[in-house]
Amino acid sequence: MVESSEPPSKRRSPTAGDDRISQLPDVLLLQILSLLPTKQAVVTGILAKRWRPLWPAVSVLDLDDESSPESRHGPAGFAEFVYSVLLLHDAPAIQRFRLRCANPNSSARDIATWLCHVARRRVERVELSLSLSRYVALPRRLFNCDTVSAMKLNGVFLNALASFSVRLPLLRALHVGDRVLFGCHDYVVKLLAGCPALEDLVLESTYNDACGGVVCAEGNFELSLKHLTRAKIGFSWKERCLKSMLLIFQALSHVRCLSLSPCTVAVRRFSTLPLFKYYTSCVYLCVYGSICSFNSRFILSLIVSCIREQDVALNLVFLWDCCGNYERVNGSL
C-alpha cells in the first residue's frame, strides 16, 4: 500500500460538509450564476455567506414571470421582485437582459421603466417576450442606445416608433418575431434605417392588418444595410405598401444567405418591380414555410425567373409543409 508523503498534519480529509464549489474564484462563480435564471441566482445567497454578494455582480439578468415564485402573488409580486433586482444589481454593465411577461395584466409602465433602466446600464443584448393582450409602448431610450449589439423582440408593439427616431449604431443582430404588431411597414423601415451595422436580420411578423394607405405613401426613408450578410424575411405586404417593400428588398443586396417565406415571395403577384435583381452577392436562397395557400408551381417558376434576372449561380433549397409533410428540394442554377 502506497502512503502519501504529505505529513498527516497537512493532509485534509474530505467530509460530507465540504463545499468545493464555494472555493472556486469569484470569476468562475459569476460565470456559473450567469447561466441561471435570475431568481435561482438570487436564491443561492441562502446557501452560504460566500454566495450572498455574488449575484448582484452577475452581468446577465434573466427574468420570467412564469418561473418566478413571486408570480403566485400576481403581476404586483413579480414587479416588486424585478425592481428589487434592478436596485441591488451593481455589475458595471449588463451583457444580456431577457424579460418574459406572459401575464397580460403586467403593468406597461413598469415594463417601460425596466427597459429604460437597462438601457442606461449599457446593456448589450436585449430579449423581450411580452403579451400582445396589453399594449406596451417601447421606450425611446431602448432604441437610442449606443451599446446594444443584439435585439430579439416578440409579443411587442412597434407603433411607438412613429414618435421618435432610432439610433442603434452597434446593433448587429435583430430578430423581429412572428408576434410583433406594427401599424405600418414604414415603422420597420425606420427601425432598420437606424441600424447601420446590422449583419443578421430576421423579420417574421405578419401582424400588419392596419398597414397601407397614407402612412406608407408618405414615409421618406433611405435604407442602406451594407454589412448585412444573412436575412430571413417572413413578411407579407399589401399592394399599397410597395414603397416600403422595395426599400427593404433593395437593402438586402449584400446578403449571402437569404430565406424567404412563400407569402413574401408572392408579393410579385401584384408587383412588376425587379425585386431580386439586386442580389448579386447571394449564394444561398431558401424558401420555407407552408405553401398550402399558394400554387407551388407559381412559387417555383417565380424563384427561377427572379434568379435569371441576376444571371448568377445560386444554390436553392425549398423547405415547405404541405398538410403536415415536410419536403426538401435542393438545386442550383
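The values are calculated or read from the model by the stated rules, or taken from the named source; none is laboratory data. Since this is a predicted model, take the numbers as computed values, not measurements. Here the Cβ is made from the backbone with ideal geometry for all residues, glycine too, and neighbour counts use every protein chain on show.
Observations on the model:
- Here the condition is being touching a strand residue (DSSP E or B) at 6+ places or on another chain (Cβ under 9 Å) and at positive phi; of G183, G155, G177, it holds for G155 alone.
- If you go through the stretch 174-184 and keep only what is surrounded by fewer than 18 Cβ atoms within 10 Å (Cβ to Cβ) and aliphatic (A, V, I, L, M), you end up with just L181.
- Being modelled with pLDDT of 90 or more and either part of a helix (DSSP H, G or I) or under 17 Å from the mean Cα position of the chain (by Cα) (or both) is a property that A119 has.
- Condition broken by E218, with the remaining ones in (1) surrounded by fewer than 19 Cβ atoms within 10 Å (Cβ to Cβ); (2) at pLDDT 75 or above satisfied: (2)
- Annotation: of all residues in the stretch 122-138 being buried (at least 18 other Cβ atoms within 10 Å of the Cβ) and closer than 16 Å to V166 by Cα, the one that is modelled with the lowest pLDDT is L138.
- Residue count, the stretch 160-173 (criterion: assigned to a helix (DSSP H, G or I) and surrounded by 22 or more Cβ atoms within 10 Å (Cβ to Cβ)): 1
- Looking only at residues of the stretch 122-162 that are more than 19 Å from S107 (Cα to Cα) and hydroxyl-bearing (S, T, Y), we find that the one that is nearest to the chain's Cα centre (by Cα) is S149.
- Qualifying residue in the stretch 90-98 (condition: over 23 Å from R172 (Cα atoms), in contact (Cβ under 8 Å) with a residue 12 or more places away in the chain, more than 22 Å from the chain's Cα centre (by Cα) and surrounded by fewer than 17 Cβ atoms within 10 Å (Cβ to Cβ)): yes
- Any chance V85 is modelled with pLDDT of 90 or more and surrounded by 10 or more Cβ atoms within 10 Å (Cβ to Cβ): yes
- Residue within the stretch 148-158 that is assigned by TED's automatic domain parsing to the domain that holds V176, surrounded by 16 or more Cβ atoms within 10 Å (Cβ to Cβ) and touching a helix residue (DSSP H, G or I) at 6+ places or on another chain (Cβ under 7 Å) present: yes
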